[in-house]
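The values are calculated or read from the model by the stated rules, or taken from the named source; none is laboratory data. The structure displayed is predicted, hence computed values, not measured ones. Neighbour counts are summed over all protein chains in view; Cβ atoms, including those assigned to glycine, are modelled from backbone coordinates with ideal geometry. The accessibility values were calculated without ligands, DNA or RNA, using every heavy atom of the protein model including side chains. Shrake-Rupley method; radii C 1.70, N 1.55, O 1.52, S 1.80 Å.
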Amino acid sequence: MKTVSYFPSSEPEAPTWIDVVVPDYEVKQTGGEHSIVIPGGYEFQENGRPTVPTFKLFYNYPKGYQIQDVVLEYRSPPVTVPGVNIPNSIIELPTTGWLLPPPETGNHEWWPDMEYEWDVLKSPEGTTLALTLYPLFYNPETQEVKFHREYGFAVEYAVSSVEITGIATDNPVYG
């Protein structure tokens, strides 16, 4: 098993399985409201929704590897904490001072409504898998937090040895 942090790796191997252990979150209280952060993490804000922490990691794959899919295969059972009051985000446009409208009414249970996202960043040296986890969920109705600390992902990729080694044109300038 390989534990991966939010620091990019430069290992030459191309794993098909990635284990992630999210650092424990920290709670800060101001008045009757709480803010939650994950060391090394980021904030996820959507206007009118509670601000929750995210955790990102980047994993480098060698040149020629094309990530096809990243599937969540394992997530540890949640630790549930009651009595947390996370305020909703209020996003103001900096140039106008206008407030963004709140989201349409809908499901007000657990937020956020996704477990993870992944993206691929390509460069001439290789491919970087960018994985964003949403390990903490908040229910404003019950003021409960659910936190998942451990994750296991299956990574599917294809390997290609095709590359462009040169290019030439028949004219120096085209109209």
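Using a probe of 1.4 Å on the protein chains alone, the accessible area found for Leu72 is around 40 Å². If you take all other residues with their beta carbon under 11 Å from the beta carbon of His34, and give Lys and Arg +1 and Asp and Glu -1, the sum is -1. Net charge around Tyr138, counting only other residues with Cβ within less than 11 Å of its Cβ (Lys, Arg = +1; Asp, Glu = -1)? That works out to -1.
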